[in-house]
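**Student:** For reference, the structure I am asking about is given below.
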Amino acid sequence: MLAMENSCIVLDPNATCVLTNNERQFKMLNHAVDDSQVRGHQRVPSDTKEFHEATKRDALLRLRKDLDNLLQTADDAKKPILQKEMCGFEALFHRFLQEDGPSVEWDRIQKLPQDAVKDYSSLKTPQESEIRQMLDKLVVIKLNGGLGTSMGCHGPKSVIPVRNDLTFLDLTVQQIEHLNKTYGANVPLVLMNSFNTDDDTEKVIRKYKGFQVQIYTFNQSCYPRISRDSLLPVAKDFNIENDIEAWYPPGHGDFYQSFQNSGLLKKFLDEGREYCFLSNIDNLGATVDINILNRLLGDDRQGDKPIEFVMEVTDKTRADVKGGTLIHYENKLRLLEIAQVPKEHVDDFKSVKTFKFFNTNNIWARLESIDRVLNARTMNMEIIVNNKTLDNGMRVIQLETAVGAAMKCFDGGIGINVPRSRFLPVKKTSDLLLVMSNLYSLKYGSLVMSPQRMFPTTPLVKLGDNHFSKVKEFLGRFANIPDLIELDHLTVSGDVTFGRGVSLRGTVIIIANHGDRIDIPAGAILENKIVSGNMRILDH
């Protein structure tokens with residue numbers, strides 16, 4: 001049995017997790033103003049700063065005690081790995097307490113250096129004879145922690161059918177297998193699951209055993225939600241399934257530490273792998289790109305120093321104004337999210353002229369560099385405080401980080417301005433409408449835009465939440481998916497259905513008022529039309 005008196009508390013995010021309780025308390029009290037000021041109500045009256053510092057110390061001590069009590073309830077076999085996770089959570093919580101004010105001072109943002117963002121068109125295509133060697137140094141990682149609940153589906157989002165009854169996961173496996181078969185390579189696929197998706201994913205991937213792709217999985221951390229009032233965990237024990245609302249996966253920024261903890265980082269380094277390509281599993285445009293790989297490993301590589309981190313960005317449009325962007329700050333490239341922007345500068349942040357690019361969350365990172373940064377304990381990502389209200393009305397916070405925010409922790413980071421086709425996320429049924437339509441054809445698991453489309457941008461589609469937000473209801477409103485080849489903009493609101501063989505072109509707006517219904521008849525061609533009111537197609 002693991003002795004709980006040796007459980008860890010991270011007072012300094014750069015300290016190692018080996019302090020005993022007595023050592024921890026001693027270190028705590030060394031930071032105190034004096035011993036008399038940390039004894040509950042005996043505290044001497046202090047100024048505002050001292051009061052806040054003392055409150056933070058109390059919060060950290062109480063959290064550590066609660067986490068120790070939680071660990072006591074865990075199965076003995078699981079305690080070592082859970083203890084490591086709680087170490088990570090304490091470090092995150094400590095940084096949360098220490099952060100004062102905005103993480104970015106607006107006036108200190110520097111203009112992006114001229115060579116900070118490379119244009120994709122400037123990348124070279126490698127010789128075919130070199131591709132296999134480069135692919136054998138690559139690991140593909142998909143973020144697979146999300147559920148399909150926002151689209152009305154049960155289980156992992158990755159098992160929602162998106163095209164020809166193929167799921168996100170099916171398409172991903174097809175892509176990697178095609179690479180391996182084409183070039184005689186052995187690119188592994190790694191899925192980062194959450195406690196929400198792990199069991200279901202493990203069952204699903206059994207069907208891929210006969211495919212020419214090795215699949216590995218690991219779980220990201222499982223952290224306790226914190227009461228907004230007490231700053232203490234709301235969980236009472238480590239029986240997560242019985243109280244699943246008390247726990248959460250802490251965002252994809254947890255990838256680095258969890259990847260190392262899983263042992264997979266070391267395994268791939270020992271195999272001679274050099275880079276990983278990481279993306280969201282619901283981004284159907286995030287395929288392995290040989291030209292980018294050549295920039296990292298092949299004859300397009302420049303200089304003696306290796307590139308440690310690449311963030312794929314693409315041109316910002318008015319549909320992307322809330323997306324994270326690349327900035328130059330303290331002489332390093334870093335990700336700026338809208339949550340970090342002072343209120344008075346939000347309009348500046350959304351400006352397409354001021355910030356031309358936004359982050360696709362397609363990341364290429366050097367494995368050896370990930371290992372170095374983690375071991376040096378310099379992985380310091382901005383904390384995202386996510387406020388939630390549980391079903392019982394309790395207000396909680398969950399502390400998260402974003403994978404792209406680690407960019408500032410690496411040397412030699414660059415951005416690559418990629419075509420919009422590499423950013424094709426399916427977050428809502430409006431996105432699903434696009435990828436199911438004739439805008440795209442399917443080729444070896446990859447979606448390719450139709451050559452009949454006269455311009456490379458995708459249409460802007462807005463479907464009303466009340467009638468279209470759930471996949472089952474969305475599918476029931478289309479006899480088949482309309483022709484969208486010439487569509488620029490579509491807005492649909494209210495009780496609207498579409499017959500077979502409908503064609504939508506230019507800008508189309510269809511609004512059925514409350515209590516009304518609009519049935520678009522089979523074979524209808526709507527071009528630059530506004531349809532409103534009530535239009536029923538009745539059977540005769």
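The values are calculated or read from the model by the stated rules, or taken from the named source; none is laboratory data. This one's a predicted model, so the numbers in the text were calculated from it and none came from an experiment. Note that each Cβ is placed from the backbone with ideal geometry, even for glycine, and that neighbours are counted across all protein chains shown. Heads up: the accessible areas ignore ligands, DNA and RNA and are worked out on the full protein's heavy atoms, side chains in. Shrake-Rupley method; radii C 1.70, N 1.55, O 1.52, S 1.80 Å.
**Student:** Treating the beta-carbon of each Lys and Arg as +1 and of each Asp and Glu as -1, no other charges, what is the dipole magnitude of the chain about its Cα centre, to the nearest 20 debye?
**Tutor:** That gives a dipole near 780 debye.
**Student:** Next question, about the same structure. What is segment 175-327's relative contact order, in percent, from Cα pairs under 8 angstrom and six or more apart in sequence?
**Tutor:** The normalised contact order for segment 175-327 reaches 15 percent.
**Student:** What is the calculated FRET efficiency for residue 509 to residue 124, with r their C-beta to C-beta distance and R₀ = 45 Å, to the nearest 0.05?
**Tutor:** The value I calculate is 0.50.
**Student:** Using only the alpha-carbon atoms of segment 78-193, report the extent along each of the three principal axes, biggest first, to the nearest angstrom.
**Tutor:** Its Cα atoms span 52, 46, 35 Å along the three principal axes.
**Student:** Now, a different point. Taking 7 Å along the Cα-to-C-beta vector as the label spot, tell me the residue 338-residue 84 distance in nanometres, rounded to one decimal.
**Tutor:** A separation of 3.7 nm, rounded to one decimal place.
**Student:** Please give, to one decimal in nm, the separation of the simple spin-label points placed at residue 181 and residue 166, each 7 Å out from Cα toward the Cβ.
**Tutor:** Distance between label points: 1.1 nm.
**Student:** Sticking with this one: Can you give me the C-alpha center-to-center distance between segment 253-321 and segment 133-209, rounded to a whole angstrom?
**Tutor:** About 17 Å separates the Cα centre of segment 253-321 from the one of segment 133-209.
**Student:** Now, a different point. Given a 1.4 Å probe and every protein chain left where it sits, what share in percent of the accessible area of segment 287-425 is carbon and sulfur?
**Tutor:** 45 percent
**Student:** Add +1 for every Lys or Arg and -1 for every Asp or Glu among the other residues with Cβ under 12 Å from the Cβ of residue 272, and state the total.
**Tutor:** Summing Lys and Arg as +1 and Asp and Glu as -1 gives -2.
**Student:** Determine, from the Cβ-Cβ distance of residue 232 and residue 388 and an R0 of 22 Å, the FRET efficiency 1/(1 + (r/R0)^6), rounded to the nearest 0.05.
**Tutor:** That pair, residue 232 with residue 388, gives E of 0.90.
**Student:** Let me ask you something else. Based on the Cβ-Cβ distance of residue 522 and residue 211, what FRET efficiency does E = 1/(1 + (r/R0)^6) give at R0 = 45 Å, to the nearest 0.05?
**Tutor:** Taking R0 as 45 Å, the efficiency between residue 522 and residue 211 is 0.70.
**Student:** Counting only helical runs of four or more DSSP H residues, what would the 222 nm mean residue ellipticity of the chain come to if each run contributes -39,500 (n - 2.57) and the total is spread over all its residues?
**Tutor:** -7500 deg cm²/dmol
**Student:** Same structure, new question: For residue 217, list long-range residues whose amide hydrogen, built 1.01 Å from N in the peptide plane, is under 5 Å from its own amide hydrogen.
**Tutor:** Under 5 Å from the amide H of residue 217: 191.
**Student:** Still on this model: Counting alpha carbon pairs within less than 8 Å and at least 6 residues apart, what relative contact order, in whole percent, applies to the chain?
**Tutor:** With pairs under 8 Å counted, the relative contact order is 14 percent.
**Student:** Relative contact order (percent) for segment 225-266, with alpha-carbon contacts under 8 angstrom and 6 or more residues of separation?
**Tutor:** With pairs under 8 Å counted, the relative contact order is 25 percent.
**Student:** Of the listed values (1) 0.97; (2) 1.03; (3) 0.99, grab the one calculated as Rg/Rh (Cα atoms, Kirkwood Rh) from the structure here.
**Tutor:** Only one option fits the structure, namely (3).
**Student:** Express in nm, to one decimal, how much length is gained between residue 241 and residue 420 on full extension, taking 0.36 nm for each residue of separation and deducting their alpha carbon distance.
**Tutor:** Contour length minus Cα-Cα distance gives 60.4 nm.
**Student:** Right, next: Accessible area per residue of the chain at 1.4 Å probe, in Å²?
**Tutor:** About 49 Å² of surface per residue is accessible.
**Student:** Once Lys and Arg get +1 and Asp and Glu get -1 on their Cβ, which of 81, 155, 127 lies farthest toward the positive end of the dipole of segment 64-205?
**Tutor:** Sorting the options by dipole projection puts first 127.
**Student:** Follow-up. Using the Karplus equation 6.51 cos²θ - 1.76 cosθ + 1.60 (θ = phi - 60°), what ³J(HN,Hα) coupling, rounded to whole Hz, does each residue of segment 276-284 give in order, writing x for Gly and Pro?
**Tutor:** Calculated HN-Hα couplings, in order: 10, 10, 10, 7, 6, 5, 8, 8, 6 Hz.
**Student:** Out of the DSSP beta bridges found with both residues in the chain, what percent are antiparallel (nearest 5)?
**Tutor:** Of all bridge pairs located within the chain, approximately 40 percent are antiparallel.
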